[in-house]
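First comes the structure, then the notes that go with it.
Derivation of every value follows stated rules applied to the coordinates shown; laboratory data play no part. A quick note: this is a predicted structure, and the numbers were derived from the prediction, not measured. No Cβ is skipped: glycine too gets one built from the backbone with ideal geometry, and neighbour counts run over all protein chains shown.
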Amino acid sequence: MQVKEKLDKETLDRYESITRKNYRNDLKARSYYRSYAGMVTPANLYAKAIAAREVACVRRLLDDIGLQSPSCLDVPCGTGKLAKLLCSRASMVVGADISAEMMSFAVTYKTSPNSWLVQADAQQMPFADKEFDLVLCLRLFHRVPKQLRLEMMSEFKRVSSAGVIVSMAIEGPWQRMKWRTRRVLRMTESAPFAANLHSFRDEVETSGFAWRRSLSVMPGLSSERLFLLSPVK
Ligand SMILES: C[S@@+](CC[C@H](N)C(=O)[O-])C[C@H]1O[C@@H](n2cnc3c(N)ncnc32)[C@H](O)[C@@H]1O
């Protein structure tokens with residue numbers, strides 16, 4: 001594929017190992033789920049606070065969109081962090097993820113009468129054009145090289161009719177320092193493909209979306225921001 005030829009092998013290998021393969025593992029899936037859904041401990045306090053804020057921000061953006069009972073695609077749904085919120089607000093929800101191990105923890109999606117789980121790659125999804133009103137994509141883009149993000153964005157545009165809620169790690173001087181320190185200490189890279197605000201806006205516009213609203217998940221502490229995008233006709 002032409003887009004992939006422009007990516008060097010090292011970047012593709014990184015994406016393969018830290019994003020696509022990383023979560024196809026029972027232990028990883030369990031520890032991800034526990035980090036925000038387990039009992040509060042000093043070690044998971046931050047992850048729980050971030051997860052709660054993400055859900056609150058998504059709720060606020062759904063209110064902004066103002067659609068009554070939209071149909072939603074949550075990709076990647078992971079262990080189902082958004083499931084309770086979406087199953088209570090949407091007419092139907094599909095949770096999709098490349099990792100069956102992660103989805104095995106998404107109990108609400110498995111048991112709600114208005115939701116389904118599908119194993120799928122966000123780059124090429126088995127859904128019809130405009131099958132959903134909304135696509136929600138949390139905590140994936142900062143782990144995907146820009147060229148592949150553009151492919152995903154074009155898939156999101158194809159399968160949705162009303163808009164997209166997407167999260168992205170936005171670089172700032174403080175975050176860059178934090179990520180550099182993690183690299184030096186050989187800790188896991190938390191946002192290997194983050195972008196600055198200006199270039200992310202370009203990506204959004206190149207993909208045929210307009211940027212309606214952006215919310216910072218935890219100002220000053222987290223680089224993650226949520227964006228509400230609507231398709232440009
Ligand atoms: C950090 S988790 C985020 C999950 C969920 N959105 C959340 O906020 O809890 C990243 C997820 O992306 C999934 N993933 C990675 N590459 C993917 C791809 N190309 N298509 C679909 N899912 C992918 C992983 O399996 C994992 O579940």
State whether the residues of region 79-96 include one that is assigned to a loop (DSSP other than H, G, I, E, B) and away from the ligand (no atom under 11 Å from the Cβ). yes
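Residues Arg53, Arg139: which one is part of a helix (DSSP H, G or I), under 15 Å from the mean Cα position of the chain (by Cα) and closer than 20 Å to Met168 by Cβ? So that I can check it myself, show each step before the final result.
On the way: Arg139 fails: part of a helix (DSSP H, G or I).
Result: Arg53 is the single residue among Arg53, Arg139 that is part of a helix (DSSP H, G or I), under 15 Å from the mean Cα position of the chain (by Cα) and closer than 20 Å to Met168 by Cβ.
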Scanning region 13-45 residue by residue, those touching a residue at least 24 places away in the same chain (Cβ under 8 Å) and away from the ligand (no atom under 12 Å from the Cβ) turn out to be Arg14, Asp26, Arg30
### Message
Condition (residue is touching a residue at least 40 places away in the same chain (Cβ under 8 Å) and not acidic (Asp, Glu)) applied to region 114-121: is it met by at least one residue?
### Response
yes
With the first residue restricted to region 63-76 and required to be β-branched (Val, Ile, Thr), and the second required to be within 13 Å of the ligand (Cβ to nearest atom), Cβ contacts under 6 Å at 6 or more apart or on different chains are Val75/Ala96; Val75/Ala122; Val75/Cys137
Contact list, first residue from region 183-202 and touching a residue at least 24 places away in the same chain (Cβ under 8 Å), second anywhere and loosely packed, with under 13 Cβ neighbours inside 10 Å, beta-carbon distance below 7 Å, six or more apart or interchain, is Glu189/Arg183
